[in-house]
Amino acid sequence: MSLKHVLATRARRALHSAVHRGWEWVQRHGEITPATPGRRRFAYLGEGACIGFPVGAIYGEPWISIGDHTLVGTHVTISAGFVPGLDLGPDLIVKIGSGCSLGRGTHIVGHQSIEIGDHVFTGPNVYITDQNHTYGDLDMPIGRQWPENRPVVIGDGCWIGTGAIILPGTRLGRNVAVAGGAVVRGEFPDHCVIGGVPAKILRRHDPEEGWIPPMRSPRPLASLEELAKLSAEGLAGLQALQDKLREEAS
């Protein structure tokens with residue numbers, strides 16, 4: 001191997017490392033947190049909250065509230081109103097609770113009211129909106145007809161799978177699991193699993209009979225107290241959870 005080739009290889013490696021270290025620095029310092037100036041634009045950005053960088057389209061911040069310790073992934077759009085600069089009145093439009101996690105590429109598009117409870121998790125590329133186009137006028141293009149708003153409520157503890165679409169007028173109860181790719185509209189009770197296009201109840205919990213149909217595994221991997229402890233332990237807790245999952249699968 002020639003000296004020229006060795007030097008060129010070392011230079012490429014050094015450049016590669018420099019680019020990645022630089023991008024990590026940009027991501028870290030581009031985040032919006034309560035310690036950065038960007039927090040002032042929001043109605044509320046709670047303690048420990050973080051919006052990852054690169055951010056998506058975020059506007060209408062004075063009508064957006066994000067709760068304590070909520071993590072917003074990269075490329076997430078959160079908007080209130082049609083465009084920046086509108087006066088949307090005295091009330092919040094988008095309210096996101098505490099302890100939530102919004103997956104990469106998620107879109108939350110609010111015009112009247114979107115209320116997301118505490119400890120709600122979404123997979124990547126979830127779409128939530130409270131506005132839809134109308135098509136009653138046969139002579140006018142649908143995109144130019146007056147839209148229709150209906151509030152959206154997502155209860156505490158819900159999980160929304162990758163690529164799910166939450167349409168105007170949806171109300172999810174507490175601890176509802178939404179399957180990936182579901183198109184959701186309507187009201188759904190606490191403690192159910194929904195999926196499909198349009199979404200329907202696939203499994204529900206009855207106080208007397210338990211889960212209908214029954215769960216495949218009657219014993220949870222860990223209790224709520226154990227999961228909370230593992231979460232608080234950071235990387236070591238995640239490793240312990242990974243080990244538990246491996247043992248369960250073997």
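In table form, for the structure just shown:
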item: Set of aspartates and glutamates near LYS200 by C-alpha distance (under 12 Å), chain-local residues within fewer than 8 positions excluded; result: GLU187
item: Average projection area in nm² (convex hull over Cα atoms of the chain, one quarter of hull surface); result: 21.3 nm²
item: Three-way shape label, region 1-120, alpha-carbon gyration tensor, a/c 1.5; result: prolate
item: Candidate aspartates and glutamates - alpha carbon under 19 Å from LYS244, same-chain residues fewer than 8 apart omitted; result: GLU225, GLU226, GLU233
item: SER101, SER2, SER79, ranked by accessible area, largest first (probe 1.4 Å); result: SER2, SER101, SER79
item: Å² of accessible area per residue within the chain, as computed with a 1.4 Å probe and no ligands counted; result: 61 Å²
item: Karplus-derived HN-Hα couplings along region 151-158 (A = 6.51, B = -1.76, C = 1.60, θ = phi - 60°), whole Hz, x at Gly and Pro; result: x, 10, 10, 10, x, 4, x, 6
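The values are calculated or read from the model by the stated rules, or taken from the named source; none is laboratory data. Predicted, not measured: the structure shown is a model, and the values here were computed from it. SASA here: full protein model, heavy atoms, side chains in, ligands and nucleic acids out. Shrake-Rupley method; radii C 1.70, N 1.55, O 1.52, S 1.80 Å.
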